[in-house]
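*Asks:* Take a look at the following structure, please.
A short reminder: the numbers here are calculations on the coordinates, not readings from a lab. In this text the structure is predicted, and so the values were computed from the model without any measurement. When we count neighbours, we look across all protein chains shown, and the Cβ atoms used for this are built from the backbone with ideal geometry, even at glycine.
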Amino acid sequence: MAQRNEELLDAAVQLFQQNGFYTTSVEDITNACGISKGAFYKHFDSKESMILELLERYYDDMFREADRFAEDLQQSPLSVLKRKITVELEKSIEYRSFFLALATEFSPYEKGQIPEFLDRIQKTHHQWHKQALMDAFGPRVKAYVNDMAVIMEGILHSYLMRIIWRESALPLDRLGDFIAECIKAVVENDDAISPMLPVYSDDESHASIIEGMNHDLNTLRAELENKAERSGSLEKDLQTIDALTEEFTKEKPREFLVDALLTQLHRRSYLKVRTTKIMSVWEVWKGDLT
């Protein structure tokens with residue numbers, strides 16, 4: 001079942017990139033996979049739900065691959081940032097035609113599931129960039145982290161456009177290193193920097209940050225559920241994650257409870273690296289990191 005789902009997604013992304021979303025029909029996708037239209041609806045409610053799953057797969061793959069490198073404690077924070085930027089460049093190039101089709105056929109001003117998802121994931125992606133900068137440079141950048149994230153996004157976008165439109169064959173690993181070193185140079189010479197943007201807008205602090213933490217927790221939960229061996233301690237960790245995500249759905253999460261639940265997860269040696277990132281975001285959200 002899962003394999004067929006992946007086959008449908010792989011076929012769809014190729015057809016979407018070649019023909020566009022509106023031109024590609026469900027029948028085109030099923031013909032490419034050699035299955036009936038009825039079988040398609042066992043996996044997806046509609047073509048739109050398939051597009052949403054493709055978007056989720058892209059961002060989950062990118063976040064997971066980038067964060068996996070961070071788990072190597074031998075790597076310096078700057079090396080981790082370089083790898084995260086490189087992974088983002090690689091994934092963006094891999095899906096470039098897919099995103100060009102998205103930009104062409106779905107206006108950000110439209111109403112609907114796909115434009116709303118794109119708006120939501122853009123905010124989560126921006127938060128991920130800010131956290132990557134905080135992880136690399138520490139509290140020094142907190143006052144202007146929003147500006148630095150915008151600058152990093154602008155650099156990434158400009159290079160990607162050059163690669164895609166001019167077909168410039170730039171080595172992505174070297175480009176990732178170069179961008180990170182440029183950001184480092186700014187941070188190390190920040191005496192004259194006066195932030196243009198607030199660290200967090202009200203909307204971000206109460207929505208995007210929480211959403212980003214929930215994303216990390218849900219990704220972690222999915223990985224734990226896929227473990228071959230299910231122990232009693234693993235079940236307890238899953239329950240703790242569920243309690244955290246439930247608390248994050250509240251308008252005002254109880255700080256003492258979130259602190260306790262995160263600390264409980266952080267004590268697990270196999271979860272320490274993954275939960276360190278979430279705890280860091282939580283501390284920034286509370287305003288405790290200075």
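*Asks:* Would you kindly derive the ³J(HN,Hα) couplings of region 251-267 from the backbone phi angles with the Karplus curve 6.51 cos²θ - 1.76 cosθ + 1.60 (θ = phi - 60°), listing them in order in whole Hz, with x for Gly and Pro?
*Replies:* Taking θ as phi minus 60°, the curve returns 4, 10, x, 6, 4, 4, 6, 4, 4, 5, 5, 5, 4, 4, 5, 5, 6 Hz for region 251-267.
*Asks:* Using the number of other C-beta atoms within 10 angstrom as an exposure proxy, rank TRP128, TRP285 with the fewest first.
*Replies:* If I rank by nearby Cβ atoms, fewest first, I get TRP285, TRP128.
*Asks:* Pull out the extension gain between LYS37 and LYS227, defined as 0.36 nm times the separation in residues minus the alpha carbon to alpha carbon distance; nm, one decimal.
*Replies:* 65.1 nm
*Asks:* Return the distance in nm (one decimal) between the two label points of a simple spin-label model at PHE178 and ASN218, each offset 7 Å from Cα along Cα→Cβ.
*Replies:* 3.7
*Asks:* A further question follows. Treat each spin label as a single point 7 Å out from the Cα along the C-beta direction, and report the ILE164 to PHE248 distance in nm.
*Replies:* With each label placed 7 Å out from Cα toward Cβ, I get 2.8 nm.
*Asks:* Would you mind getting me the FRET efficiency between LEU234 and ARG96? Use the beta-carbon distance for r and R0 = 30 Å, nearest 0.05.
*Replies:* 0.20
*Asks:* Within a 10 angstrom radius of the beta carbon, how do ILE278, ILE93, ILE241, ILE155 rank from fewest other beta carbons to most?
*Replies:* Numbers: ILE278 23, ILE93 13, ILE241 20, ILE155 16.
Ranked by crowding around the Cβ, least crowded first: ILE93, ILE155, ILE241, ILE278.
*Asks:* Please grab the % of Cα pairs in region 56-188 that end up more than 27 Å from each other.
*Replies:* Result: 20 percent of Cα pairs exceed 27 Å.
*Asks:* Report the dimensions of region 1-44 along its three principal axes from the alpha-carbon atoms, largest first, rounded to Å.
*Replies:* 26, 17, 16
*Asks:* How are the alpha carbon pair distances in region 211-276 distributed across 10 Å bins from zero to the largest one, expressed in percent?
*Replies:* 20, 59, 19, 1
*Asks:* For LYS130, list the lysines whose Cα falls under 25 Å from its own Cα; do not include residues on the same chain fewer than 8 positions away.
*Replies:* In chain and number order, the partners are LYS82, LYS84, LYS91, LYS142, LYS184, LYS250, LYS252, LYS272, LYS277, LYS286.
*Asks:* Right, something else. Residues in region 215-246 near a label at LEU257, defined as backbone nitrogen under 20 Å from the 7 Å Cα→Cβ point?
*Replies:* Backbone N within reach: 215-218, 221, 236-246.
*Asks:* Taking Rg/Rh (Cα atoms, Kirkwood Rh) straight from the coordinates, which label in (1) 1.09; (2) 0.98; (3) 0.93 is the correct one?
*Replies:* Evaluating Rg/Rh (Cα atoms, Kirkwood Rh) on these atoms matches (2).
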